Amino acid sequence: MVFKKMLGALGVGGPSVDTVLSNPNTRPGLMLDGQVNLRGGEVPADIDSVTVSLVTRVEVEQGGSEFGGVSEFHRLVVSGPFHLAAKQQLSIPFQLPMPWETPVTHMYGQSLYGMTMGLRTELAVARAIDKGDLDPVAVHPLPVQERILEAFSALGFRFKGADLEHGRLYGVQQTLPFYQEIEYYAAPQYAGTVNEVELTFVANPAGVDVILECDKRGGFFTGGQDTIGRFTVSHAEADRQDWVALVDSWVQATTSRYGALRAQQPGYGAPHGYGAPQGYGAPHGYQQRRGPGMGGVVAGAALGVVGGMVAGEMLEDAFGGDEGFFEE
């Protein structure tokens with residue numbers, strides 16, 4: 001018995017945890033339902049807490065270069081301390097509210113290339129090694145976000161990739177420590193003036209802030225420059241707009257302000273009040289990003305590994321061998 005207790009303290013023959021989601025598909029603002037299934041080990045165990053958290057891969061800029069890490073950005077304590085008997089089976093239900101700013105990972109059943117997200121379960125066992133579990137989560141766009149993505153496709157923009165950048169956006173009310181960039185190659189009608197367009201959503205209960213960064217081509221005697229446009233739409237507008245025309249006007253407004261943006265503080269796009277589903281697999285000829293996006297719109301870039309971030313080489317330790325889920 002003493003030997004078994006010693007092994008239990010080392011995590012050998014200790015309790016196990018397995019989380020089951022009612023439905024791994026969700027949207028920002030909805031509840032993610034599931035239950036944590038526990039099974040006692042060879043000896044009784046005192047459980048300090050059971051916690052679930054959302055984790056995703058984030059790019060961090062440091063010293064002119066970028067590295068990828070895993071960030072925990074939302075956390076819920078499912079249970080406080082309790083005693084788990086040997087071989088005892090226990091299920092704990094939970095509801096995790098998805099933050100409105102949760103990045104989109106899927107579109108019409110296909111994953112956005114470059115995006116991954118998971119629900120991590122932590123079982124903190126007193127005087128023992130923590131147990132863990134990791135389950136994939138698929139975040140689908142809100143109706144307004146979906147209409148905008150469809151409009152980009154209808155206009156001829158070709159999806160390039162998506163990622164998360166650590167930092168905050170100038171002039172936007174933001175609660176998460178990162179923002180998503182959905183990258184497109186320019187549509188044919190814009191190919192003469194724009195190389196790429198990066199799209200960012202920052203959602204809240206009332207609507208969505210839409211930020212566009214247009215990578216403008218340089219002329220024969222002038223260099224290229226990124227221009228920023230910022231627009232706001234409400235959730236109620238999802239089925240009331242001609243989204244193709246509206247998104248086209250956003251792109252035109254952003255690119256037409258090239259000269260004005262040179263004289264303004266970076267980060268000011270077009271004024272507030274401006275009123276698909278194709279190729280979402282790994283794109284042909286995909287190339288790595290040229291560097292951090294959003295230009296001057298980012299306030300407070302990351303200077304190192306920050307709260308909740310785990311460096312890429314530490315994924316195995318952080319996720320108990322489940323790091324393959326986050327590989328691109």
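Where a number appears in this text, it was derived from the coordinates with a stated rule and is not lab data. Nothing here was measured: the structure is a model prediction, and the numbers come from that model. Positions of Cβ are backbone-derived with ideal geometry, glycine not excepted, and every protein chain shown enters the neighbour counts.
Taking amide H as placed 1.01 Å from N in the peptide plane, VAL78 has its amide H under 5 Å from the amide H of VAL50, THR51, VAL52, each at least 5 places away in sequence or on another chain. The mean sequence separation of alpha-carbon pairs under 8 Å and at least six residues apart, normalised by the residue count of region 2-140, gives a relative contact order of 32 percent. Trypsin sites (Lys or Arg not before Pro) within region 60-164: which are DSSP loop residues with at most 16 other Cβ atoms inside 10 Å? Here the sparse-neighbourhood loop sites are LYS87, ARG127. Remark: region 96-167 carries a charge dipole of roughly 100 debye about the Cα centre, counting +1 on each Lys and Arg Cβ and -1 on each Asp and Glu Cβ. Take the Cβ atoms of GLN35 and ARG75, set R0 to 22 Å, and the FRET efficiency comes out at 0.80. Extension gain, VAL244-PHE82: 0.36 nm per intervening residue step, less the Cα-Cα distance, totals 52.8 nm.
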